[in-house]
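Have a look at the structure below before the remarks.
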Amino acid sequence: MTKKLGKYKDNDVELCRTTNSRVSNEAVQALVEERIPFTRNKKKIPFFKREEYKGASELWVITINPRRYGQARRVLDGMEQVYRDRLVLSNY
């Protein structure tokens, strides 16, 4: 997918991102349980940018249709605090 000004080529918008695979899996599970369609992509973090991400080498990005954004945010807001704290939520 090609990112362009916070939106993706197929009109999806970023819902959240994290460098923690377990947190990503929990977010995906919460969305699946509520039957909310989404896309999850794993991106490699370049070596010279890893300091910004506290040494992480991978970043998981979850995108969603803009019409389902509010519903998906409510689902993520209902997650356990320990997982929610490790998600970077977008402000679409």
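Computed from the C-alpha gyration tensor, the three semi-axes of the ellipsoid equivalent to segment 14-62 are 24, 10, 7 Å, from longest to shortest. Listed by chain and number, the aspartates and glutamates whose alpha-carbon sits under 16 Å from that of K49, ignoring those within fewer than 8 places in the same chain, are E58. In units of the rule-of-thumb radius 2.2 N^0.38 Å, the chain shows an alpha carbon radius of gyration of 1.05. Taking every protein chain into account, the accessible area of the chain amounts to 69 square angstrom per residue (probe 1.4 Å).
Along the axis of the charge dipole computed for the chain (Cβ charges of +1 for Lys and Arg, -1 for Asp and Glu, origin at the Cα centre), the listed residues I64, V13, F48 are led at the positive end by F48.
The length gained on full extension between R35 and R22, counted as 0.36 nm times the residue separation minus their Cα-Cα distance, comes to 2.7 nm. Label sites at E58 and D10, each approximated as a point 7 angstrom past Cα along Cα to Cβ, lie 2.1 nm apart. Taking the 1.4 Å solvent-accessible surface of the chain as the whole, the part contributed by carbon and sulfur is 46%.
Could you give the dipole magnitude of the chain about its Cα centre, charging the beta-carbon of Lys and Arg +1 and that of Asp and Glu -1, in debye to the nearest 20?
380
The values are calculated or read from the model by the stated rules, or taken from the named source; none is laboratory data. This one's a predicted model, so the numbers in the text were calculated from it and none came from an experiment. Positions of Cβ are backbone-derived with ideal geometry, glycine not excepted, and every protein chain shown enters the neighbour counts. Each accessible area value is taken on the protein alone, full model and side chains, heavy atoms only, with ligands, DNA and RNA left out. Shrake-Rupley method; radii C 1.70, N 1.55, O 1.52, S 1.80 Å.
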